[in-house]
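Sharing a structure with you now.
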Amino acid sequence: MWTWKRWLKRSSVTAEQVKSNGSIPSHIAIIMDGNGRWAKRRGLPRSAGHRSGMKNVKHIAQAANKIGVDVLTLYTFSTENWKRPQDEVDYLMKLPEQFFEIEIKELEENNVQVQMIGDMEGLPDHTLKPIQQSIERTKNNTGMILNFAVNYGSRTEMVAAIKQLAKKVKEEEMELEQINEEYVSLHLQTKDLPDPDLLIRTSGEQRISNFLLWQLAYTEFSFSPLYWPDYKEQHLYEAIEQFQTRGRRYGGL
Ligand code: IPE
Ligand code: IPE
Ligand code: MG
């Protein structure tokens, strides 16, 4: 019988193995879910789960960097997460400051470029500033892009793109006929990034929760029953190993 305990015990795959097995996904996107349940299982407050989840970001970013992933996009706060109790939202809004204070030096040294997608205007200063400072400090790095989706919602992103395109047509900057898939992609916040090759969601939920709806059109999915704080390097490598066995057909044969 399949259980999460057996999943945990599966023999681990190493970085060397995944690198030699086949192609490494250029862009991996992760819905880091299950922090609250991780804490609940331990009789701890939800905030303890978020703190533990934040610490795990470093391990997974390092693991992805080690094998040559070009872009790692992490869903950290959705436009719908504002619905949560105020104290939880307040706690989540403090995490970027804590994260970058501890990690920025190492990210800089590892040649990682920090980027962000999401609605910046909706974020308090103490959340946005450390992110912007980290983006600035790492902007000349040439290694993996560590892209945080903060206050991100795919529908909001698409509405903004539609408005920009409509404005350009209205102001006769472009013809209606010029709008095509490429043009739409170029008006999304991910315009400089390739579409994700692999989407991982932890915690056993199997839904997208308003994440990168346009960009995931041909992405391979990997759902893990593990809560985010328990999702380790070996699990990432197992997901990639699985990905390497898939035949991506893009509608062809
Ligand atoms: C993911 O964990 C983190 C955020 C959404 C901010 P959750 O907080 O959603 O944890 P669960 O799903 O309630 O266990
Ligand atoms: C998705 O998780 C958002 C993040 C991981 C940041 P949620 O926990 O908010 O998603 P739902 O509510 O289960 O769909
Ligand atoms: Mg959740």
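Please treat every number below as a calculation from the coordinates, not as lab data. On a predicted model such as this, the values are computed, not experimentally measured, just so you know. Quick reminder, even Gly has a Cβ in these numbers, built from the backbone with ideal geometry, and neighbours come from all protein chains shown.
Give the shape of the stretch 58-100 as rounded, prolate or oblate, defined through the alpha-carbon gyration tensor: a ≥ b ≥ c are the square roots of its eigenvalues, a/c under 1.5 means rounded, and otherwise the shape is prolate if a/b is larger than b/c and oblate if not.
prolate
In percent, how large is the relative contact order of the chain, given Cα pairs closer than 8 Å and 6 or more residues apart?
28
Please give the calculated 222 nm ellipticity per residue for the chain, where each DSSP H segment of at least 4 residues contributes -39500 (n - 2.57) and the sum is spread over every residue; nearest 500 deg cm²/dmol?
Value at 222 nm, helices only, nearest 500: -14000 deg cm²/dmol.
Which whole-Hz couplings ³J(HN,Hα) result when phi for each residue of the stretch 142-147 is put into the Karplus expression 6.51 cos²θ - 1.76 cosθ + 1.60, θ = phi - 60°, listed in order with x for Gly and Pro?
10, x, 4, 8, 9, 9
I want the local charge near Y152. Using Cβ-Cβ distances under 12 Å, sum +1 for each Lys or Arg and -1 for each Asp or Glu among the other residues.
Summing Lys/Arg as +1 and Asp/Glu as -1 gives -2.
Here is a further query. Considering only Cα-Cα distances, which of the following residue pairs are longer than 23 Å: K40/K66; K19/K105; K58/K94; K94/K163?
Checking Cα-Cα distances, K40/K66; K19/K105; K94/K163 exceed 23 Å.
Relative contact order for the stretch 25-92 using alpha-carbon pairs under 8 Å, separation at least 6, rounded to a whole percent?
44
What is the set of long-range amide H partners of I117 at a cut-off below 5 Å, with H atoms built 1.01 Å from backbone N?
Here the answer is F148, A149, V150, since their amide H atoms fall under 5 Å of that of I117.
Rounded, prolate or oblate: which fits the stretch 21-123, taking a ≥ b ≥ c as square roots of the Cα gyration tensor eigenvalues, rounded meaning a/c under 1.5, else prolate when a/b beats b/c?
prolate
Give the Rg (one decimal place) followed by the Dmax (whole number) of the chain, computed from C-alpha coordinates and expressed in Å.
18.7, 62
Further question: So which helices of the chain fit the span-like rule, where a helix is a whole DSSP H run, its Cα atoms reach 20 Å or more along the axis, and its mean Kyte-Doolittle is at least 0.5?
Membrane-span-like by this rule: not one helix.
Another question about this same structure. Let me make sure I get this right: for the stretch 121-182, a, b and c are the square roots of the gyration tensor eigenvalues over alpha carbons, sorted descending. Under 1.5 in a/c it's rounded, otherwise prolate if a/b > b/c, else oblate. Which is it?
prolate
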